[in-house]
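Student: So that we are looking at the same thing, I have put the structure below in C-alpha cells.
No value in this document is a laboratory result; all are computed from the given coordinates. Since the structure is predicted, the reported quantities are computational estimates derived from the model, not experimental observations. Heads up, the Cβs are rebuilt from the backbone with ideal geometry, glycines too, and the neighbour counts pull from every protein chain shown.
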Amino acid sequence: MNLDEKVYKKLLQVPKGKITTYGELAKAVGLQNGQRAIGKIMNKNPYPVIIPCHRVVSSDGTVGGYAFGQDVKTNMLAKEGIKIHNRKILDFGKIIYRF
C-alpha cells in the first residue's frame with residue numbers, strides 16, 4: 001500500500017460531524033511535519049466525497065483549502081453539523097478527531 005492509500009484509509013476513520021487536521025493525519029500515517037504532503041494528497045483525492053478530505057482542516061481551526069473551493073468545503077462541513085463562522089471551525093477542540 002502506498003502513502004496515498006494509507007492516508008485515504010486512515011481518513012475514512014474520521015466520522016461525519018468530526019474534523020481532523022493535516023498534522024494529525026500526517027502523524028497518524030507516520031509522517032513527521034508532513035502537513036504539506038497531506039495537503040497534496042488531499043488535493044489529488046480520486047474520490048472526494050467517498051474519502052472525506054473535506055474533513056481535514058488547518059491546525060489553527062480555519063477551513064483550509066479544497067480542490068473544489070473553500071465555499072464547497074464549508075458547505076459540506078456545515079451539512080454534517082459543523083458550525084463555521086468566517087471560515088473558522090467553532091468548537092474546534094470539541095469536534096477534532098485524533099487517531
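Student: May I ask you to list the residues of the stretch 39-53 whose amide nitrogen lies under 17 Å from a point 7 Å from Cα along the Cα→beta-carbon direction of K6?
Tutor: Flagged as within label range: 39-42.
Student: Then there's this: How large is the helix-only mean residue ellipticity at 222 nm for the chain, computed as the sum of -39500 (n - 2.57) over DSSP H runs with n ≥ 4, divided by its residue count, in deg cm²/dmol to the nearest 500?
Tutor: Details: 5 runs with 39 residues, N = 99.
Calculated from helices alone, the mean residue ellipticity at 222 nm is -10500 deg cm²/dmol.
Student: If one takes the longest principal axis of the Cα atoms in the chain, at what angle in degrees, from 0 to 90 and to the nearest 10, does the Cα axis of helix 70-79 lie?
Tutor: For helix 70-79, the angle is close to 70 degrees.
Student: Averaging sequence separations of C-alpha pairs under 8 Å and six or more residues apart, then dividing by the length of the chain, give the relative contact order as a whole percent.
Tutor: Relative contact order here is 30 percent.
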